[in-house]
Amino acid sequence: MSTSSTHLIRHDWTIEEIEALFELPFNDLLFRAHTLHREFFDPNTVQVSTLMSIKTGSCPEDCAYCPQSAHHDTGLEKEKLIAIENILKEARAAKEKGASRFCMGAAWRNLNDRDVDYVVELVSGVKEMGMETCMTLGMLKEDQAKTLKEAGLDYYNHNLDTSRDYYGDIITTRTYDDRLETLKHVRDAGMNVCCGGIVGMGEDRHDRAGLLYELATMEKHPESVPINLLVQVEGTPLEGVDALDSFEFIRSIAVARILMPASYVRLSAGREDMNDETQSLCFFAGANSIFYGEKLLTTPNPESGKDMQLFARLGLQTESMSCSEA
Ligand code: SAM
Ligand code: DTB
Ligand code: SF4
């Protein structure tokens, strides 16, 4: 980012301004997003992270989209915590395939103190390989966030998921303010914040704007903003919800790029249901990070060979591991 660009970063967006961006003609919106993208990033470079579930299923939360909630019968086999050595083996394989960050997710409502030593050991092990680390473990207390930071954790993922207004339709077992409190602990501890949400959950455009409003008016924007397209899973309450128009998904990426020009915008879950052209337009609109590897947490993701082919066709490069300032 050039120093002359920093004045383009605003934190005082209004919901009306954000809705007006969504209303722009598609070409105008993409032109604006792409122009800004070039001011802040190399437009032909994408950061790739690999995701692994370290504790799967039987989560006490009732998130309506999630296959791992104990409230829904999705037929998912629940698993105990995976042995550290097996996770480090996967991390090594991810590094060999070109991932620069390894993200570990647990189906927990919150991190329990009894599991802190385990996650600290994982962070150290992955860091020793020279990869960046990210974790998503549910709610964190202030002291836990500090411990994770001291262990060397680079990013903590904790999504707001949707607008404040629509949140109660999706999750009833925790509040929007619970989420914001954990995000504050992560920020205060000095870790990079990875925070975004899901679109295609039956919300309207006002809610998509509302989610981006919450992120873009934070005192410091999240360094990484995952925009997930709902992966519809059989047995979840959101199975069968009307699919989101792919142009509306691309618009959401473009608006995120305009609102948070210096942040990585991650084209996150849902790529398995997108064609190459949709993904390419997302990259043009400002997405510059993806999950790489054939599985997300529990659902399929495009095979890495397929992603590499698409990157080659588009002349895209993956970000080298030295670029860790994000
Ligand atoms: N339990 C922790 C939490 O909720 O923060 C961490 C794991 S949770 C699975 C991480 C994120 O995955 C959620 O916040 C949600 O945004 C995303 N996610 C879960 N299920 C999804 C689905 N079916 N489609 C798209 N994104 C999903
Ligand atoms: C995020 O925003 N998306 C990822 C990651 N953060 C942890 C998770 C997507 C999960 C998709 C459903 C599944 O595979 O279980
Ligand atoms: Fe649990 Fe996270 Fe899934 Fe919600 S999104 S049910 S908290 S694993």
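For the chain, a Gaussian network of Cα nodes joined below 10 Å ranks ILE87, ILE54, ILE227 by mean-square fluctuation, and the top entry is ILE87. Across LEU160, LEU29, LEU211, mean-square fluctuation computed from a Gaussian network of the chain (C-alpha pairs under 10 Å connected) peaks at LEU29. Counted over the chain, the DSSP beta bridges are approximately 5% antiparallel. Summary value for the chain: 25 percent relative contact order, contacts being C-alpha pairs under 8 angstrom separated by 6+ residues. Over the chain, the ratio between the Cα radius of gyration and 2.2 N^0.38 Å evaluates to 0.93. Shape annotation for region 58-116: C-alpha extents along the principal axes are 37, 26, 18 Å, from largest to smallest.
Taking only the alpha carbons of region 74-168, we obtain Rg and Dmax values of 14.4, 43 Å in that order. Inter-part distance, region 247-326 to region 104-118, computed on C-alpha centroids, equals 28 Å.
Altogether, the Stokes-Einstein calculation at 25 °C and 0.890 mPa s, with the Kirkwood radius of region 103-214 over Cα pairs as Rh, returns a diffusion coefficient of 167 µm²/s. Using C-alpha pairs under 8 Å with a sequence gap of at least 6, the mean separation divided by the residue count of region 210-300 gives a relative contact order of 33 percent. GNM on the chain, alpha-carbon springs under 10 angstrom: the most fluctuating residue among ASN112, ASN27, ASN288 is ASN27.
Across region 1-119, Cα-Cα distances exceeding 20 Å account for 66% of all pairs. By its C-alpha gyration tensor, with a ≥ b ≥ c as the square roots of the eigenvalues, how is region 121-279 shaped: rounded for a/c under 1.5, else prolate for a/b larger than b/c, else oblate? Prolate is the answer for region 121-279, as a/c is 1.5 or above and a/b outweighs b/c. Of all lysines in the structure, the ones whose alpha carbon falls short of 18 Å from that of LYS89, not counting any fewer than 8 places away in one chain, are LYS55, LYS80, LYS97, LYS127, LYS295. Note that region 208-326 shows a convex hull volume over its alpha carbon atoms of 122 Å³ per residue. What FRET efficiency comes out for VAL116 versus ASN27 if R0 is 56 angstrom and r is the Cβ-Cβ distance? Round to the nearest 0.05. Using R0 = 56 Å, I get an efficiency of 0.65.
Bear in mind these aren't lab numbers, they're just calculated from the coordinates by the rules spelled out. Please read these numbers as outputs of a predicted model, since none were measured by experiment. Here the Cβ is made from the backbone with ideal geometry for all residues, glycine too, and neighbour counts use every protein chain on show.
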